[in-house]
Each structure stands twice: as structure tokens, then as C-alpha cells.
1. Can you name the number of the only condition in (1) crowded, with 24+ Cβ neighbours inside 10 Å; (2) modelled with pLDDT of 95 or more; (3) small (Gly, Ala, Ser) that ALA156 fails?
2. So which of VAL34, VAL54, VAL44 is part of a loop (DSSP other than H, G, I, E, B) and under 26 Å from ALA305 (Cα atoms)?
3. Would you confirm whether or not the stretch 256-271 contains a residue that is open to solvent by 50 Å² or more (accessible area, probe 1.4 Å), farther than 20 Å from SER127 by Cα and out of contact with any His (no Cβ under 9 Å at 6 or more places or on another chain)?
4. For LEU236, state whether it is under 22 Å from VAL67 (Cα atoms) and touching a Leu at 6+ places or on another chain (Cβ under 7 Å).
5. Given the criterion hydroxyl-bearing (Ser, Thr, Tyr), at pLDDT below 90 and within 19 Å of the chain's Cα centre (by Cα), identify the matching residue among THR267, THR218, THR175.
6. Return a yes/no flag: does the stretch 5-13 have any residue that is open to solvent by 40 Å² or more (accessible area, probe 1.4 Å) and at pLDDT below 95.
7. Do you know which residues across the stretch 272-291 are open to solvent by 60 Å² or more (accessible area, probe 1.4 Å) and of a type in the set (Val, Ile, Thr)?
8. Here is a list of conditions, (1) closer than 22 Å to GLY311 by Cα; (2) within 16 Å of the chain's Cα centre (by Cα); (3) free of Cβ contacts under 8 Å to residues at least 24 places away in the same chain, and ASN287 meets all of them except one; can you say which number that is?
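The values are calculated or read from the model by the stated rules, or taken from the named source; none is laboratory data. Just so it is clear, the structure is predicted and the values come from calculations on it, not from any experiment. Reconstructed Cβ throughout: ideal geometry from the backbone, glycine too, with neighbour counts over all protein chains shown. Side chains included, ligands, DNA and RNA excluded: accessible areas come from the protein's heavy atoms. Shrake-Rupley method; radii C 1.70, N 1.55, O 1.52, S 1.80 Å.
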Amino acid sequence: MKAVRYHSYGDSGVLVYEEADRPVAGPGQVVVKVAGAAFNPLDVAIRAGFVEQVFPVTFPHVPNYDVAGVITEVGVGVSGWSVGDAVVAFLPVTAPGAAAEYAAAPAEALAATPRAVELADAAALPSAGLTAWQSLFEHASLKTGQSILVNGAGGAVGGYAVQLARQAGATVTATASARSLDRIRSYGADRIIDYTATPVLEAVAGQRFDAVLHLAPTSPDLVPTSPEEIAQLVGLVADGGAFVSTTTLGPEDAGRGVRTVRVFTRTDATQLAELVARVDAGDLKINVVERRPLTDLAAVHDQAAAGRLSGKTVLTLA
């Protein structure tokens with residue numbers, strides 16, 4: 001099969017479009033003919049070796065851990081799935097990924113694809129949607145009538161978080177750059193702060209929120225939030241509330257009963273199926289900015305590193 005792989009850590013030049021062995025379904029696995037593989041900023045950090053201690057990969061490595069496609073082979077011990085089923089999955093991050101014609105996937109990670117979107121575009125849902133869900137409902141314990149600040153709502157996780165928080169009956173304040181304001185507004189945010197025009201801490205001075213969700217920058221090369229800024233963001237959490245971050249961890253003892261959590265997203269087929277159901281009901285929008293051929297993957301990595309991607313990019317073989 002055709003695949004994009006890299007044989008060592010390095011810049012985008014290590015990504016090679018080449019022939020590779022087609023995967024075989026092991027016990028508990030299926031093989032999926034890939035319709036779409038979503039790009040994530042973490043893909044850049046993994047490829048560059050920045051997170052080798054956390055996400056070590058075996059070379060040659062096929063990147064892209066979000067997949068949508070059709071099952072072509074079912075392994076021993078798999079029940080409930082058949083050849084021809086259209087599925088989405090959040091693949092194990094360090095396993096061979098979906099930047100290929102075919103990908104192996106654990107059956108326990110699968111959900112049926114939403115019918116309301118194109119098959120390839122469904123790849124934009126799994127990891128970002130699950131990150132938003134787990135951040136809001138497992139870590140922040142968000143409930144109806146509470147308030148939340150989604151800091152970094154312009155990215156894929158932030159977009160899902162705004163929508164899910166509003167559906168949960170929370171009051172949502174979202175921060176985003178000018179290019180994302182209309183989209184975040186369409187998701188129902190109660191207030192949107194253009195952080196390029198007004199610093200977030202200045203815009204919300206004097207306010208506190210039941211939860212603050214702090215999201216990683218969409219470009220892996222952007223400067224991470226400083227400990228001082230994190231401390232100020234934690235200060236925006238109301239007594240007994242939660243500071244939830246996908247990036248820098250807040251202080252262990254924030255005082256005032258404030259919980260600080262760093263999110264490490266896990267695969268959860270039940271939660272993914274719930275997200276799919278909301279897409280099909282028209283309650284959750286998937287935002288795919290563009291589809292690109294798989295051969296463009298290196299260019300996508302470069303654009304992401306330069307901060308020039310807005311929203312999700314899906315790679316396809318067509």
C-alpha cells in the first residue's frame with residue numbers, strides 16, 4: 001500500500017510517501033481502508049522527537065491517529081463489527097497510524113461514522129471530540145447553570161468544547177483570534193474575547209468561572225504559557241471549581257478548593273458514539289477547513305508549525 005512514513009525524528013523532510021506493507025488484523029483488531037486521516041498538532045511534536053519520552057514510536061512510523069474509513073478485515077475475537085462497516089477511531093498515538101491506504105485499529109476503539117457528514121470528514125471528530133468531552137464532564141464536572149472559560153476556543157478541541165458546554169446548559173465565555181470569531185459565535189458562545197485585540201486577563205478582570213479550560217496552542221512551536229500566566233488563569237476559577245489544561249499543569253495546591261487537572265485523552269468508544277449521535281442530530285458541528293492529498297502531509301506539518309492552519313485539515317488519498 002501507499003503510506004507516509006518517517007524513518008527517524010527530524011523536520012518535515014523526514015516524511016516520505018512510499019510503499020509499505022499493508023497491515024493485517026491481529027486479535028481484537030480490524031483493518032480499515034482509510035477515507036480520511038485528520039492532522040493534529042501533536043503529530044508535529046511526535047515527528048520532531050519533542051515528546052519522545054511520552055510518545056515513543058517505532059521506526060518506520062506511520063503518523064496520524066484519527067481515522068475514518070471502511071472495515072476490510074476483521075481479526076480473531078472481534079464481535080459487533082463486519083467487513084463493509086464505516087467507522088471512526090482514535091488510534092493509539094504511538095501505533096502505526098492512518099496516513100496510509102489501510103490502517104489497523106483496535107475494535108474497542110471503534111464507533112460507527114456519523115451519517116450527517118462526508119466519510120473522510122468524520123476523521124476530524126475522534127481525538128478532539130473526546131478531549132473536549134473528557135475535559136468538560138470528567139475533569140471539570142461541568143453542570144447546568146455553571147460558567148466556563150474556554151481559553152483557546154478557535155482550535156478543534158475548543159470548538160467542540162464550546163458546543164458541548166452550551167448543550168450542557170453552561171454559560172460559555174470563549175477566547176479566539178479574529179479568524180475564528182464567526183465560527184465560535186455560531187456555536188453559541190455567550191461571550192467571545194478576541195485575544196489579539198484585548199488580553200484575556202484584562203477582558204475578564206473581576207470575573208470568576210466554575211471551570212477554566214486552557215487549551216494547547218494550535219501550533220506546536222508557539223511559546224507555551226508561562227507559569228505566571230497559568231497562575232493568573234487559575235486565579236479566574238471560582239472557589240471549589242476546576243482548572244483543566246491540555247498543556248501546562250496548574251499548581252497542585254491552588255487553594256480555595258480549586259482542582260487542577262492536566263488532560264491525557266483516552267480512547268472511549270461509548271463517548272465517541274455519543275459524539276457521533278450528536279453530529280447526526282445536528283447538535284455538534286464538525287469543522288473541516290480543507291481536505292488535502294496525503295502527499296501534502298509534509299507541507300501541512302510546515303504550515304502548522306508556522307501557525308497558518310485554522311481548524312482541521314483532513315488528509316485523503318484521492
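1. Exception for ALA156: condition (2).
2. Result of the check over VAL34, VAL54, VAL44: VAL54.
3. Applying the first criterion (open to solvent by 50 Å² or more (accessible area, probe 1.4 Å)) to the stretch 256-271 yields 256-257, 259, 262, 264, 266-267, 270.
Still in the list and also farther than 20 Å from SER127 by Cα: 256-257, 259.
So of that shortlist, the ones also out of contact with any His (no Cβ under 9 Å at 6 or more places or on another chain) come out as 256-257.
Checked against the condition, which is being open to solvent by 50 Å² or more (accessible area, probe 1.4 Å), farther than 20 Å from SER127 by Cα and out of contact with any His (no Cβ under 9 Å at 6 or more places or on another chain), the stretch 256-271 yields at least one hit.
4. Details: under 22 Å from VAL67 (Cα atoms): no; touching a Leu at 6+ places or on another chain (Cβ under 7 Å): yes.
When the stated conditions are applied, LEU236 does not pass them.
5. Only one candidate qualifies: THR218.
6. no
7. VAL289
8. It is condition (3) that ASN287 fails.
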